[in-house]
Ligand code: PEP
Ligand code: MN
């Protein structure tokens, strides 16, 4: 079982460095995590009572404990505070509520730009659009691939919004990394472990959607796959699970939000669109998720849903999305959260060092 070394509040850098070195000498992998109040050093590997005792005696060490959960780096035991990511200058996680919006798939330049502009004006902070679509039928539209990624990048740059798109094949991680700001791992690929390892080797945020029938622990283990590769920028998303009813496409497990937040430090989002399957139900589910404390939502929006090539029935119209954003802002405030505002100095998006928006 892995351990965490909890440093005393007054521990100095030398103490921390000494522990990190000793952990490595003991054949364990050290993961220091400097919190606001104390530093915790994860020691990943097989625990021996001797190693634990030796670490306990080092200066500045408060206590050494075993991490009981199968997921380590994702656990609250390992990292006490909420993780807040900086995505092109936008803060994601904890009390910062970000809404990701856009069409299910990138169908054309015109539609993506039209929808993108509308969702940005309404207050969405991240633009979505699928270029590689995982479809239940082999005969359905599978996305425009690289051409779609090029359109997404253009839209991100033009609208000054970070972009997110799904990657379904480990062989496409390189090209998606070139064009988009965030990877989406779809529900159907939540346990595609090679894909998780591949995105874990990049430094882009990874948005992992809960599998159709996955438990909370399985979702956290998928996050652990990415974290274990050194990419600590992971966001989790509840998007509805299979239950016995068929009135909705899936059942949004609202309780997944507080349960995930209790167990892990990563930002938790909800996806009301895929859970509902019907646009009229999307606002209620989105508000429920934000009320439950989610750090954001991913919402499908389309300017002409009846012509959409994918997920038209659940796409909300831009004007209804704008109304929903207003309600989201109010609900967020009630639970002490705040929708990421545009135009404020400290949250002004900025071009990432390499490439800027859209990759
Ligand atoms: C999507 O976001 O368009 C999508 C396919 O979602 P999920 O993987 O949750 O079904
Ligand atoms: Mn979709």
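Filter segment 120-137 down to the residues that are within 14 Å of residue 298 (Cβ to Cβ), away from ligand 2 (no atom under 15 Å from the Cβ) and not in a loop (DSSP other than H, G, I, E, B) and list them by number.
Scanning segment 120-137 gives a single hit, 126.
Can you tell me which residue among 259, 206, 254, 282 is touching a strand residue (DSSP E or B) at 6+ places or on another chain (Cβ under 6 Å) and closer than 23 Å to residue 76 by Cβ?
Working: 259 fails: touching a strand residue (DSSP E or B) at 6+ places or on another chain (Cβ under 6 Å); 254 fails: touching a strand residue (DSSP E or B) at 6+ places or on another chain (Cβ under 6 Å); 282 fails: closer than 23 Å to residue 76 by Cβ.
Every option except 206 fails the conditions.
So which of 128, 91, 135 ends up being within 16 Å of ligand 1 (Cβ to nearest atom), under 25 Å from residue 286 (Cβ atoms) and surrounded by fewer than 22 Cβ atoms within 10 Å (Cβ to Cβ)?
Working: 128 fails: surrounded by fewer than 22 Cβ atoms within 10 Å (Cβ to Cβ); 91 fails: within 16 Å of ligand 1 (Cβ to nearest atom).
Checking each option against the conditions leaves just 135.
So, of the residues in segment 138-164 that are within 16 Å of ligand 2 (Cβ to nearest atom) and closer than 17 Å to residue 205 by Cα, which turns out to be surrounded by the fewest Cβ atoms within 10 Å (Cβ to Cβ)? Full working, then the answer.
Just the residues of segment 138-164 that are within 16 Å of ligand 2 (Cβ to nearest atom), to begin with: 140-144, 148, 152, 163-164.
Right, trim to closer than 17 Å to residue 205 by Cα and you get 152, 163-164.
Working: 152: 30, 163: 29, 164: 26.
If we take residues in segment 138-164 being within 16 Å of ligand 2 (Cβ to nearest atom) and closer than 17 Å to residue 205 by Cα, then 164 is surrounded by the fewest Cβ atoms within 10 Å (Cβ to Cβ).
Filter segment 242-273 down to residues that are surrounded by fewer than 24 Cβ atoms within 10 Å (Cβ to Cβ) and within 16 Å of ligand 2 (Cβ to nearest atom), then give me how many there are.
3
In segment 150-175, what residues are in contact (Cβ under 8 Å) with a residue 40 or more places away in the chain, touching a helix residue (DSSP H, G or I) at 6+ places or on another chain (Cβ under 9 Å) and assigned to a helix (DSSP H, G or I)?
Those that are in contact (Cβ under 8 Å) with a residue 40 or more places away in the chain, touching a helix residue (DSSP H, G or I) at 6+ places or on another chain (Cβ under 9 Å) and assigned to a helix (DSSP H, G or I): 151, 152, 153, 154, 155, 156, 158, 159, 172.
Looking only at segment 85-114, filter to residues that are part of a loop (DSSP other than H, G, I, E, B) and in contact (Cβ under 8 Å) with a residue 60 or more places away in the chain; which one of those is farthest from residue 262 (Cα to Cα)?
Ranking the candidates gives 107 first.
Select from segment 184-210 the residues that are within 16 Å of ligand 2 (Cβ to nearest atom) and in a strand (DSSP E or B) and write down the one among them that is surrounded by the most Cβ atoms within 10 Å (Cβ to Cβ).
Residues of segment 184-210 within 16 Å of ligand 2 (Cβ to nearest atom): 184-190, 207-210.
Filter once more, keeping what is in a strand (DSSP E or B): 184-185, 207-209.
Working: 184: 25, 185: 26, 207: 28, 208: 26, 209: 26.
Only one residue tops the list, namely 207.
Every number in this text was worked out from the coordinates using simple rules, so none of it is lab data. Fair warning: this is a prediction, and the values are worked out from it, not measured in the lab. Reconstructed Cβ throughout: ideal geometry from the backbone, glycine too, with neighbour counts over all protein chains shown.
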